[in-house]
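See structure below.
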Amino acid sequence: MTAAKEYIEAVYQKVEKRGPHQKEFLQAVREFFNTIEPAIEKNPEYKKWNILEQMAEPERIITFKVPWMDQAGHIHVNKGYRVQFNSANGPYKGGLRFHPTVSESILKFLGFEQTFKNSLTGLPIGGGKGGSDFNPKGKSDADIMRFCQSFMTELYRHIGPQLDVPAGDIGVGGREIGYLYGQYKRLVSPETGVLTGKPVVMNGSLGRTEATGYGLIYYTEEMLQSNGKSFKGQKVVVSGSGNVAIYTIKKVHEYGGTVIACSDSSGYIYDENGIDSDMLQDIKEVRRERLTEYNKEGSRYIEGSVWDLAVPYDIALPCATQNEIDGTKAKQLLENGVYCVSEGANMPSNIEAIDLYIENNILYGPAKAANAGGVATSTLEMAQNASHGHWTLEQVDEQLKQIMINIFKSVDETCQEYNLGNNYLAGVNITSFVKIADAMLHQGIV
């Protein structure tokens with residue numbers, strides 16, 4: 001075992017000892033640590049300054065209660081969080097998630113991943129994440145407004161345009177961001193740049209809704225082209241049916257591919273002639289109904305995971321949630337003939353699945369890089385707010401596309417520098433690690 005590997009393993013053992021039950025966070029740390037040995041070997045200063053252990057511990061975790069009253073007069077109490085993970089490259093930046101599964105472990109994993117994702121964009125932002133175990137599903141607009149107001153009544157103390165700029169995530173869209181910002185304005189002098197993902201009428205950015213899905217395709221197309229391929233003529237499966245999935249599907253079709261399946265939490269639509277993205281968008285974003293309402297001729301709804309689908313296709317784009325693809329499902333992808341997996345969700349593949357991708361030379365776009373389009377466009381929104389300007393959709397989209405192309409190019413250059421071949425996972429992790437580590441070295445003990 002090399003000295004670098006011994007150091008990495010020793011740091012992991014310390015991280016595990018501090019939070020032995022935080023399985024999602026430990027999974028993210030282990031996956032990252034498994035790939036960065038070459039960077040530690042090449043840069044002994046990282047070990048000398050114990051950069052890895054500094055990087056693996058959040059700078060701050062804020063927890064608070066969120067009491068609120070529903071429209072029937074009943075009092076509820078939820079738990080709120082903000083994990084401010086790393087500010088070496090700039091103010092904390094990352095979404096708020098409202099979902100019953102939210103926990104400290106989930107948010108630490110998301111904040112850890114967000115830190116590296118944000119560094120890849122080349123924009124001056126650090127990493128953070130937050131949210132609550134509140135479930136907005138089935139709640140009235142009035143209930144959601146009251147919850148958001150209570151949540152922000154505590155959160156406002158810990159955020160600001162130069163400190164921490166939250167955005168949306170699962171369960172937090174334009175409606176929720178609007179309510180959160182409205183309460184922030186009541187408590188503090190208005191700062192339009194304190195939240196991103198705002199509705200356009202509230203100085204939000206055009207293109208933010210589409211950004212993660214479009215960015216995923218811009219990154220993946222660049223990766224495909226560098227390997228002599230493209231989306232044109234390819235069959236694609238996308239998990240999820242929310243914002244990310246909808247705009248992923250639209251852009252795949254624009255690039256000449258055919259999405260034959262997409263999913264929700266209960267099952268999936270299979271349509272060998274191609275998913276109708278307009279119908280899907282109407283069902284999920286306008287009518288807010290289940291995927292079972294999709295009724296295009298020739299399609300069928302099947303209960304279970306879309307990754308159990310056993311038909312030939314070429315590209316898999318997981319856009320739903322963490323750990324949706326395990327080793328068994330990854331084997332099914334290989335049997336189907338999939339040669340490319342690119343991630344629109346955060347950590348949708350577990351370590352066993354990732355190992356299979358690497359062993360079988362799958363073109364793999366890790367979430368840290370492939371789904372960076374959302375945070376990239378959020379940062380463009382910050383720039384517009386700071387300049388009191390407003391860009392056209394075409395301006396935002398062109399900048400987003402260039403950012404995603406540049407991310408892949410930087411990863412590809414790292415793969416060449418470290419002789420990694422097409423191991424883009426290692427390339428992504430080393431590229432982002434080195435950038436943050438160098439910033440931390442310049443700042444001393446942070």
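The values are calculated or read from the model by the stated rules, or taken from the named source; none is laboratory data. Predicted model only: the values in this text are computed from it and were never measured. Here the Cβ positions follow ideal geometry from the backbone for every residue, glycine too, while neighbour counts run over all protein chains shown.
Could you check segment 100-152 and list, in sequence order, the residues that are touching a helix residue (DSSP H, G or I) at 6+ places or on another chain (Cβ under 9 Å), hydroxyl-bearing (Ser, Thr, Tyr) and either more than 20 Å from residue 196 (Cβ to Cβ) or free of Cβ contacts under 8 Å to residues at least 12 places away in the same chain (or both)?
Answer for segment 100-152, where residues must be touching a helix residue (DSSP H, G or I) at 6+ places or on another chain (Cβ under 9 Å), hydroxyl-bearing (Ser, Thr, Tyr) and either more than 20 Å from residue 196 (Cβ to Cβ) or free of Cβ contacts under 8 Å to residues at least 12 places away in the same chain (or both): 103, 105, 150.
Looking at residue 128 and the list (1) over 21 Å from the mean Cα position of the chain (by Cα); (2) outside any helix (DSSP H, G or I); (3) not basic (Lys, Arg), which single condition is not satisfied?
(1)
Would you confirm, using the coordinates I've provided, whether residue 259 is buried (at least 17 other Cβ atoms within 10 Å of the Cβ), within 30 Å of residue 149 (Cα to Cα) and among the hydrophobic types (A, V, I, L, M, F, W, C)?
no
Quick check on residue 212: is it of a type in the set (S, T, N, Q) and over 14 Å from the mean Cα position of the chain (by Cα)?
no
Taking the condition farther than 19 Å from residue 351 by Cβ, at pLDDT 95 or above and touching a strand residue (DSSP E or B) at 6+ places or on another chain (Cβ under 6 Å), does residue 58 pass?
It is true that residue 58 is farther than 19 Å from residue 351 by Cβ, at pLDDT 95 or above and touching a strand residue (DSSP E or B) at 6+ places or on another chain (Cβ under 6 Å).
Listed here are the residues, each with its yes/no results for (1) in contact with a strand residue (DSSP E or B) (Cβ under 9 Å, 6 or more places away or on another chain); (2) hydroxyl-bearing (Ser, Thr, Tyr); (3) modelled with pLDDT under 95.
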site	(1), (2), (3)
248	yes, yes, no
256	no, no, no
269	yes, no, no
285	no, no, yes
307	yes, no, no
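Table: residues versus (1) among the acidic types (Asp, Glu); (2) in the same structural domain as residue 83 (by TED's automatic domain parsing); (3) surrounded by 24 or more Cβ atoms within 10 Å (Cβ to Cβ).
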residue: 141; (1), (2), (3): yes, yes, no
residue: 170; (1), (2), (3): no, yes, no
residue: 196; (1), (2), (3): no, no, yes
residue: 199; (1), (2), (3): no, no, no
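Within the group 379, 414, which residue is touching a residue at least 60 places away in the same chain (Cβ under 8 Å), in a helix (DSSP H, G or I) and not assigned by TED's automatic domain parsing to the domain that holds residue 44?
Only one candidate passes the filter, namely 379.
Looking only at strands (runs of 3 or more DSSP E) that fall completely inside segment 37-120, which ones have 2 or more residues that are aromatic (Phe, Trp, Tyr) and surrounded by fewer than 17 Cβ atoms within 10 Å (Cβ to Cβ)?
Because the criterion is at least 2 residues that are aromatic (Phe, Trp, Tyr) and surrounded by fewer than 17 Cβ atoms within 10 Å (Cβ to Cβ), no strands (runs of 3 or more DSSP E) in segment 37-120 meet it.
I'm trying to understand the selection: among the residues of segment 174-208, which are in a loop (DSSP other than H, G, I, E, B), modelled with pLDDT under 90 and in contact with a strand residue (DSSP E or B) (Cβ under 8 Å, 6 or more places away or on another chain)?
191 - this is the single residue of segment 174-208 that is in a loop (DSSP other than H, G, I, E, B), modelled with pLDDT under 90 and in contact with a strand residue (DSSP E or B) (Cβ under 8 Å, 6 or more places away or on another chain).
Only residues that are more than 18 Å from residue 74 (Cα to Cα) and touching an Asp or Glu at 6+ places or on another chain (Cβ under 9 Å): list them for segment 122-154, please.
126, 127, 128, 129, 130, 131
Restricting attention to segment 9-24, and to residues there that are part of a loop (DSSP other than H, G, I, E, B) and touching a residue at least 60 places away in the same chain (Cβ under 8 Å), which single residue is nearest to the chain's Cα centre (by Cα)?
22
Restrict the check to segment 379-393 and report whether at least one residue is small (Gly, Ala, Ser) and at pLDDT 95 or above.
No, every residue in segment 379-393 fails to be small (Gly, Ala, Ser) and at pLDDT 95 or above.
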